[in-house]
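Comments concern the structure below.
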Amino acid sequence: MNSLRKLLIPIFVLSCFQIFAQPDEKLTREIFEELVEINTTHSTGNTTEAAEAMAARLKAAGFEDKDLFIGGAHPKKGNLVARLRGNGKKKPVLLMAHIDVVEAKREDWTFDPFVFLEQDGYFYARGIADDKAMASIFIANLIRLKKEKYNGERDIIVALTADEEGGPHNGIDWLLKNHPELMNAEFALNEGGGGQLKNGKKVLNGVQLSEKVYQSFQLEATDPGGHSSRPRKDNPIYHLAKALDNLAHYDFPVNLNDGTRAFFERSAKLESGQLSADMKGIIQNPPDATAVKNLSDDTYYNALLRTTCVATMLSGGHAENALPQTATAVVNCRILPNDDPQKIKEQLIKVFDDDKIKVTALNDAAPSPPSPLDPIVFGGIERVTEKMWPGVPVVPVMSTGATDGAHTRRAGIPTFGVSGIFSESGESNAHGMNEKIQVKSYFEGQEFLYQLTKELTQPVKLDRKR
């Protein structure tokens, strides 16, 4: 038995090494560093420069001009679309990552946010986690597949895009509207998911199937005003204050979709005690009242259960010795993908319960349907996860924020947010100071996405019909 154990251990170690080892880790790191050190902020950056740099990498690896496209709605907002051709038996897979980043001030950081830094097992820089890790991985993996002369059943399309973080020239949206032929894919992989660590242990690999819809409303109450020495009860500030207090005490109903239901069902097996019981109770029909109350007390779980609306801005009056003529507030809603934005507005008006308050949408809501628990894509994710990290469950998630996946889902391309990059909760500090990613997690994520890309482009036996 001991001799058998001695034989098996080296074999196991070797197999793990083969799974995680990169054939050209130096090249991958160079690509990552080059991309990170190109400033792609909205204010002073240039995504076109980053797109051209990544295209040059691909051309050096043998990609032809016909399979590389650079363009955008603005000279400094360029996008790159690259294609590795397969045999064309099936529709392509789209791998998407944005290359714009949020603003970063040098004085706020411990070091220069636009200088690639490796220190104590982490990579540091603005955009290191959101989303230049995935962008650099996709480019490095395309080069790897090209060198291997890989010929799958689907073309592999990589889109590196602008203005996901904000700005008027969203790259994915522009490409879908102006060059739909470049984006014609059966499904897409995007950011939005990721692996979760707990005290260094991998506990789940999250896959984003849906995301909430961003919608803000302005509330406005008006009055002729007058002298403050002769106050009236009919005061715009009072009207607004009462309406907002009504909102503070109101919860929209619980409304689970297939993805959030699967999230709670699978997460219940990973938790224990009351939390596990609550997760089981929330998926009952009707949901258990105690579970609803307990999960609603947690801001993250509450955001998964229902549409949420919250007051975020407030203004009123024009002089301290005058009755206010105007009072305004902004209420920001994050609407579930299966809720109707117009009905949410109508419900808000009922909650405010004041016909003197005018409610106006500040932006056009753009709902996107949840992606299905597709047996080919989701099953592929489960198989690769089990291969690399045996026993780690794959759990569907819904983003409470927004990604470019909303655009592709609206265009009829089911989109799955998955990276295989693991981190502790809040560890990366994306959008914040000293943004970082674990070096080990980055290269594991690269291998995961490489294996998954091949899994989804090779012949499969599964049938979509259940």
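Brief remarks on what is shown
- Of all the criteria given as (1) modelled with pLDDT of 50 or more; (2) part of a helix (DSSP H, G or I); (3) of a type outside the set (Lys, Arg), the one not satisfied by residue 43 is (2).
- Given (1) surrounded by 16 or more Cβ atoms within 10 Å (Cβ to Cβ); (2) under 20 Å from residue 162 (Cα atoms), index of the condition residue 92 fails: (2)
- Unmet requirement for residue 284, which otherwise passes all of (1) within 21 Å of residue 368 (Cβ to Cβ); (2) not in a strand (DSSP E or B): (1)
- You will find that of 202, 177, 242, the residue that is in a strand (DSSP E or B) and either without any contact (Cβ under 8 Å) to a residue 24 or more places away in the chain or surrounded by fewer than 21 Cβ atoms within 10 Å (Cβ to Cβ) (or both) is 202 and no other.
- The residue of the range 314-333 that is nearest to residue 254 (Cα to Cα), among those that are within 25 Å of the chain's Cα centre (by Cα) and surrounded by fewer than 21 Cβ atoms within 10 Å (Cβ to Cβ), is 332.
- Condition met for residue 363 (in a loop (DSSP other than H, G, I, E, B) and over 20 Å from the mean Cα position of the chain (by Cα)): yes
- Residue match in the range 151-164 (condition: more than 25 Å from residue 404 (Cβ to Cβ) and in the same structural domain as residue 417 (by TED's automatic domain parsing)): yes
- Picking from residues in the range 392-432 that are β-branched (Val, Ile, Thr) and assigned to a loop (DSSP other than H, G, I, E, B), the one that is modelled with the lowest pLDDT is 400.
- Checking each residue in the range 375-391 for being at pLDDT 95 or above and more than 21 Å from the chain's Cα centre (by Cα) picks out 383, 386, 387, 388, 389, 390, 391.
- Filter result (in contact (Cβ under 8 Å) with a residue 12 or more places away in the chain, surrounded by fewer than 23 Cβ atoms within 10 Å (Cβ to Cβ) and closer than 30 Å to residue 69 by Cβ) within the range 181-199: 182, 183, 184, 186, 187
- Qualifying residue in the range 94-101 (condition: at pLDDT 95 or above, of a type outside the set (Gly, Ala, Ser), assigned by TED's automatic domain parsing to the domain that holds residue 159 and assigned to a loop (DSSP other than H, G, I, E, B)): yes
- Yes/no for residue 127 being crowded, with 24+ Cβ neighbours inside 10 Å, modelled with pLDDT under 95 and assigned to a loop (DSSP other than H, G, I, E, B): no
- The numbered conditions (1) of a type outside the set (Ser, Thr, Tyr); (2) assigned to a strand (DSSP E or B); (3) assigned by TED's automatic domain parsing to the domain that holds residue 49; (4) over 23 Å from the mean Cα position of the chain (by Cα) are all true for residue 219 except (3).
The values are calculated or read from the model by the stated rules, or taken from the named source; none is laboratory data. The shown structure was predicted, so the numbers you read here are calculated from the model rather than taken from an experiment. For neighbour counting, all protein chains shown are included, and Cβ atoms are generated from backbone atoms with ideal geometry for every residue, glycine included.
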